[in-house]
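Written out below as structure tokens is the structure these notes cover.
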Amino acid sequence: MTAIQSTVNPPTKRRMTRAEFEDKFFGALKWISIAFFLIITAFPLFYMIALSFKPLSELLRDPGDFLPSWRDITGMTTYREVLRPRSQGGQGFGIYIRNSFTVAMTATILTTVIAIFGAYATARLKFAGRKAMTWGILVVYLFPGIVIAIPLFVVFTRLSLRDSLWGLVIVYVAQTIPVALYMLRSYFITIPVELEEAGLIDGLGRMGVVRRVTLPLSAPAIAAVALFVFMIAWNEFLFALLFLSAEPELWTLSLGVNQLDTTEVPKTVLMAGSVIITVPVIILFFAAERFLTEGLTAGGVKG
Amino acid sequence: MADQGRSSITTSTDTRKSIAPSGSRLSLQRREARLAWLLVAPAILIVMGLVVIPVLWNLAMSFQRIRLIELQSFNFLSTDVSLENFRRVTGLSRFWEVARTTVAYTFFGTVLSIGMGMWAALVVKKAFIGRSAVRGLMLFPYVAPVIAVTFVWKIMLNPSFGVTNHWLEALGVQPIDFLGRRDFVLSIFGWEVTAPVALAAVIAFEAWRYFPFAFLFILARLQALPAELDEAAKVDGATLSQRFFYVTLPQMRGVLSVLFLLRFIWTFNKFDDVQLLTGGAAGTEVITVSIVDWLQGRSDVGSAAALGVILALILVVLLFVYFKWFFEEETE
């Protein structure tokens, strides 16, 4: 500050006011901050992609030289190893990708349908226990997953559900229903009641109103909820680890990536696995960013 | 269901015209309530079955001595209950260290992620070219799979081939094993300051991963603030920082307090991040990691359940505070 004052003072005979100084200072700080945030968010993503192509020997020789050459990129050796079936000495990611898709898609469809019904009822219909239900959802939503994980682990072991993808699907549905219901409920409330009443007067039943009036109007919110549930199920790690660790055939991508973290597997292969699990989420996210950011702030999504 | 509703309408209109409207409204109401219950039933059943009952069962197990190996044959209705599990988990001297670590991790992780979110929101509040791209990119840490981002951090921070230490070395700093080193003794003018290295790294990760969450909420609130107040303060000669502290910040109190409690609760419950980054080593063991260690590492289901109950009890207290606060905010 003193430096600025001394340079400004003598020629103009006018001191910079505090307001002027702050406008200049924070104006400059703003761009520095934007650069800072861009670096901390984009660099890890960039580094992950770069390393996934880089030959390990070159990386070990000089960790600072992590940019792959064009030949490294077109060679795709790490990706080939990750995707090659286990029987051929690869990491067998094909199965994990299929498992992850199955689990995430099934959970998404089930959760979205169940949550639409529940959300509509708590938003629009009068019934005893409506308030208790709304609060109950919030409580469950905030409750620690790990406390639920122990008994579920026990039940699934006893019922031998532990070695099936269904166990995981049901758990994801239970874990995401509160979020989905809460998000949809806050959206349904914003739809004018008059529109629904008009439908009722025109002779539609309640379910007819839901199908013809409410659902078309809330398509963006439903899309956001479905995407969000998909992302949660796709990214999930704890329950998959507890339920499926003994059964490599049923592993989801999270577990697949996790088992690459050994001394035998090169870190560049680990990064290729990480890129594979990240890419679908990034594509989905950028395809629907608008919906998602609005949906997130409406429901206050857990993470 | 519909038939019953219709028949009650006809009976009420048959008996007397004057009570007909109230009669039909009642049955309509009843019909609506029945439909509502039908609609919420699947959600309630699944949540009950997979959340509420497991929590209660977890409580029951915390009083029983259950080993992982005898799970298939164990009689869960046994009345052989004791507080032994609680004694066992709290008896270890490590328990208090874990508790301290959890509190430090949760508090600093929460405050830093919200602080960074606030900073980011202030920076992108006004439109500029490429803002939506910047905003989208800023959400990456939050939406990316935890497994991928923890491994990227682990490799970046690796002392032998990570890029962070490579750059530090270029600046003349000795390589540091950020995720494996417990303490770092700094001597500043003869004062010896011990800094927990791995814990700080884990907290930094937490702030990095969750600042986008705070950012979204704060940005939404910032953009909804009335511009008049800020302009009036500007006319009165308030500087940028004064306007922030005396005009903007007081209006953000609600969203910040809600964010603080939400993030606090979720960070407190967080398992994957620490587990994947350090596995609880080097002074980063938090309660959730400890629970999984009791469950899988020591094959002691009962003690894991007991520790889970302790975690849940602390959470219930926090939730109570949250709802009280939230409720008061709403009624204000």
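Just checking the listed ones, A:117, A:43, A:239: in the Gaussian network model of chain A with Cα springs under 10 Å, the one fluctuating most is A:43. Beyond 35 Å, how much of the Cα-Cα pair distribution for chain A remains, as a whole percent? When every Cα pair of chain A is considered, 42 percent fall beyond 35 Å.
Legend: mean number of C-beta atoms from other chains within 10 angstrom of residue C-beta atoms, peptide A:122-129, equals 5. Scalar couplings 3J(HN,Hα) for the stretch B:160-169, obtained by applying the Karplus form with A = 6.51, B = -1.76, C = 1.60 to θ = phi - 60°, are 9, 10, x, 7, 4, 5, 4, 5, 4, 4 Hz; x denotes Gly and Pro.
Can you pick out the pairs among A:131/B:324; A:24/B:234; B:154/B:270; B:126/B:270 whose Cα atoms lie more than 25 Å from each other?
Values: A:131/B:324 16 Å; A:24/B:234 15 Å; B:154/B:270 18 Å; B:126/B:270 34 Å.
Pairs exceeding the cut-off: B:126/B:270.
Look at the alpha carbon pairs under 8 Å that are at least 6 residues apart: their mean separation over the length of the stretch A:10-103 gives a relative contact order of 14 percent.
Taking Cα atoms only, the orientation of helix B:197-224 departs from the longest principal axis of chain B by about 50 degrees. Note on B:270, A:30: ascending count of other Cβ atoms within 10 Å places them as A:30, B:270, the fewest first.
The sum of -39500 (n - 2.57) across all DSSP H runs of n ≥ 4, divided by the residue count of chain B, sets its helix-only mean residue ellipticity at 222 nm to -21500 deg cm²/dmol. Partner shielding of B:316-325 amounts to 1, given as the average count of beta-carbon atoms from other chains within 10 Å of each residue beta-carbon. Ordered by the number of other Cβ atoms lying within 10 Å of each residue's own Cβ, fewest first, B:124, A:265, B:235 fall into the sequence B:235, A:265, B:124.
Proximity of backbone amide H atoms, modeled 1.01 Å from N, is registered between residue B:184 and B:195, B:197 at under 5 Å, excluding neighbours fewer than 5 places apart on the same chain. By the Stokes-Einstein formula, at 1.002 mPa s and 20 °C, the protein assembly as shown with its Kirkwood radius over alpha-carbon pairs has D equal to 78 µm²/s. Be a star and scan the stretch A:103-129 for residues whose amide nitrogen sits under 18 Å from the point 7 Å along the Cα-to-Cβ vector of residue A:204. Under cut-off, by backbone N: A:116-126. Peptide A:248-256 shows a mean partner chain C-beta count of 1 within 10 Å per residue C-beta. Among A:131, A:24, the ranking by other beta carbons within 10 Å of each residue's beta carbon, starting with the fewest, stands as A:131, A:24.
In chain B, the inverse of the mean reciprocal separation of distinct Cα atoms equals 24.8 Å; this is its Kirkwood hydrodynamic radius. Cα centroid separation, the stretch A:20-34 to the stretch B:174-230: 22 Å.
Here the spin labels are modelled as points 7 Å beyond Cα on the Cα-Cβ line, and at residue A:67 and residue B:107 they lie 4.5 nm apart. Please identify, among A:106, A:41, A:17, the residue showing maximal mean-square fluctuation in a Gaussian network model of chain A using a 10 angstrom Cα cutoff. Comparing A:106, A:41, A:17 in the GNM, the peak value goes to A:17.
Taking 7 Å steps out from each Cα toward its Cβ at residue B:96 and residue B:84 produces label points 2.6 nm apart. Comparing B:190, B:283, B:136 in a Gaussian network model of chain B (Cα springs below 10 Å), the most mobile by mean-square fluctuation is B:190.
We did not get these values from a lab; they are worked out from the coordinates using the rules stated. These numbers come from a predicted model, not from an experiment. So basically every Cβ, Gly included, is an ideal-geometry build from the backbone, and we count neighbours across all protein chains shown.
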